[in-house]
Amino acid sequence: MQLLNIGYGNMISAERIIAIVSPDAAPVKRLVQGAKDRGMLIDASCGRKTKAVIVTDSDHVVLSALQPETLSHRAVNTETTEGVEQSEI
């Protein structure tokens, strides 16, 4: 299991991520509100402005204070690192 740093010491399983999106669009705001109503919202922004919304395969919605581009680069680097580790075995 590879963990992805989503900022300020918070980690999420990289394999469970379905999407990383910007929180500005109205449909994303509705998605966040719906997750909050269902008790499936995880606020990992540590009180800072939410800049990315992460949707997982378990229907959880995670808020992060990092830019979506930053998170996607970290996710790609996590996959690359995982492939190197497995090829060394």
Identify the single condition in (1) of a type outside the set (S, T, N, Q); (2) in contact with an Asp or Glu (Cβ under 9 Å, 6 or more places away or on another chain); (3) at pLDDT 95 or above that M1 does not satisfy, given that it satisfies every other one. (3)
Return the pair list, or none, for Cβ contacts closer than 8 Å from residues in segment 31-43 that are closer than 13 Å to D59 by Cβ to residues that are assigned to a helix (DSSP H, G or I) and open to solvent by less than 60 Å² (accessible area, probe 1.4 Å), at least 6 apart or on different chains. L41/V32; L41/A35
In segment 1-37, what count of residues is obtained for those that are over 20 Å from T80 (Cα atoms) and of a type in the set (D, E)? 2
Mind checking which pairs have a first residue in segment 6-27 that is more than 17 Å from E69 (Cβ to Cβ) and a second that is open to solvent by 30 Å² or more (accessible area, probe 1.4 Å) and polar (S, T, N, Q), Cβ under 9 Å, 6 or more apart or different chains? M11/N5; S13/Q2; E15/Q2; R16/S58
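The values are calculated or read from the model by the stated rules, or taken from the named source; none is laboratory data. Since this is a predicted model, take the numbers as computed values, not measurements. Neighbour counts run over all protein chains shown; Cβ positions are idealised from the backbone, glycine included. Please note that ligands, DNA and RNA were not included when accessible areas were found on the heavy atoms of the full protein model with its side chains. Shrake-Rupley method; radii C 1.70, N 1.55, O 1.52, S 1.80 Å.
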